[in-house]
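Heads up: the structure comes next, in structure tokens.
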Amino acid sequence: MINTNNIIIDDTTLRDGEQTAGVVFSRREKLAIARLLDLVGVQEIECGIPAMGEDEQNSIRALVEMELSARLITWNRALIPEIQASIDCGIQAVDISLSVSDQMISRKLKKDRNAVKEQLKVALGFAKQHDLYVSVGGEDASRADLGFLVELLQITRELGGDRFRFCDTLGIMDPFTMYDKVAWLRAAVPEVEIEVHTHNDLGMATANAIAGIRAGARFVNTTVNGLGERAGNAALEEVVMGLKHACGIETGIDTHRFRELSLMVAKASRRELPSWKAVVGERVFAHESGLHADGVLKDPHNYEGFDPAEVGLVRQIVVGKHSGASGMIERYRELGIVLSRDDAGLLLPVVRLEALRRKRDLKDRELVNIYLNGAELLKAA
Ligand SMILES: CC(=O)SCCNC(=O)CCNC(=O)[C@H](O)C(C)(C)COP(=O)(O)OP(=O)(O)OC[C@H]1O[C@@H](n2cnc3c(N)ncnc32)[C@H](O)[C@@H]1OP(=O)(O)O
Ligand SMILES: O=C(O)CCC(=O)C(=O)O
């Protein structure tokens, strides 16, 4: 494994995650999610937007009072009253966001590049006068002119900003371009650390986040279950496990409670966790196909990229339409029934018929019934 403590996960479940259309976390839920994020070792939690008003501010104050190990950071527009509102909540780290693409500068902010630079200087200057740790948020950076981004990074460096958040706000990047742009910015202004914030509109949020890290970004935004605006953000569990198993990069996060964390956030967000959700879905270690079940029973490494226990899941052998003898023998063994290979061969056609009829895999009592009445069931079919 490469380094342990170099990569900083900034989890934004409580900010971008809650921006998912229709999602609302209660204060109790926010505190519980933050506690578990902290327990698993997430280094930074983007915990809300003080500019939203009193209720949000009170939640942020309650989070501050928890005295977590994780650093709390808030999201703010590049406006002094909003940064002041963060300070008033007891916050010591802020993301100061500015739209940085020409599209958004002219068509949303209705300003020009100079005005954006001036606004950044004022807001960042104010934050640093108040000894805040600052991430400069480059909204829509993936569509921005790279030369202009360099100018913003230089201002960040000169005014003592701590890092620059490169946002693929619309989720339109591919990992190769992400790599090139982040590597280019790192080389152009090496004193300013890069944070990557990716969205999943084209299904590439996790890949883009990892590409950004591979290119030299040290900070990465995630959300549990990939919650977030529109198609969501890079999922915490995918980024951490992807870094570990695809790239050999250890983040220092304890992954064993990922399933628990995912279920907690799924419940609080009222967004069901699909059974096939990468890393944490209930069935991502379920094996039905005959050759897979046989292979995994001989050695889990044949068909599992990592141990399910690593993320709090368990392996399941399932009997259904695609089963073969080895899987069936194992499944019946779990039910206390010893099958020979010949028995399994005899029961297999009945299993396939039942699975076809029910359009799913078979439950315990159905398997027992097949064992007891297999011949009759076949005759009746
Ligand atoms: C990409 C992201 O996810 S960024 C995070 C976005 N998150 C949210 O919007 C959730 C919370 N938002 C809110 O509670 C509100 O929108 C607030 C408190 C931030 C602002 O509320 P309101 O004052 O009612 O304004 P409204 O929501 O219409 O925002 C639009 C204004 O923000 C301005 N604005 C947008 N981005 C920025 C920025 N980064 N810095 C400064 N101003 C900005 C727009 O130009 C517009 O100003 P205008 O009315 O002068 O044209
Ligand atoms: O921090 C920022 O500037 C904006 C972050 C964000 O949510 C986005 O760009 O999608």
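Note the full-extension length gain between residue 65 and residue 187 as 0.36 nm times their separation in residues minus their Cα-Cα distance, in nm to one decimal.
40.0 nm
At 1.4 Å probe size, put 66, 178 in order of accessible surface, largest to smallest.
66, 178
How far apart, in nm, are two points set 7 Å out from the Cα along the Cα-to-Cβ line at residue 315 and at residue 373?
3.4
With +1 on the Cβ of every Lys and Arg and -1 on the Cβ of every Asp and Glu, and nothing else charged, how large is the dipole of the chain about its Cα centre, in debye rounded to the nearest 20? Working shown, then result.
Details: 47 positive and 56 negative charges, 198 e Å.
Here the size comes out at about 960 debye.
Sorted by accessible area with a 1.4 angstrom probe, largest first, how do 75, 276, 184 fall? Spell out each step's value before the answer.
Numbers: 75 55, 276 190, 184 120 Å².
Solvent-accessible surface, decreasing: 276, 184, 75.
Given 0.36 nm per residue, what is the gain on full extension from residue 335 to residue 302 after removing their alpha carbon distance, in nm?
9.4 nm
In what sequence, highest mean first, do 199-209, 260-270, 235-245 appear when ranked by Cβ atoms within 10 angstrom?
Averaged packing, sorted descending, gives the order 235-245, 199-209, 260-270.
Could you order peptides 186-192, 16-22 by the average number of other Cβ atoms within 10 Å of their residues, highest first?
Peptide ranking by packing, descending: 16-22, 186-192.
What order do 354, 46 take when sorted by accessible area (1.4 Å probe), most exposed first?
The ranking, largest first, comes out as 354, 46.
Highest first, please rank the peptides 163-171, 286-294 by the mean number of other Cβ atoms sitting within 10 Å of their residues.
The densest-packed peptide leads the list: 163-171, 286-294.
State the answer as a single residue: which of 53, 371, 125 lies farthest towards the positive end of the charge dipole of the chain, with beta carbon charges of +1 for Lys and Arg and -1 for Asp and Glu, about the Cα centre.
371
The values are calculated or read from the model by the stated rules, or taken from the named source; none is laboratory data. Note that the coordinates shown come from a computational prediction; the quantities given were computed from them, not determined experimentally. With ideal geometry, Cβ positions are generated from the backbone for all residues, glycine too; neighbour counts draw on all protein chains shown. These area figures cover heavy atoms from the full protein model, side chains too; ligands, DNA and RNA do not enter into them. Shrake-Rupley method; radii C 1.70, N 1.55, O 1.52, S 1.80 Å.
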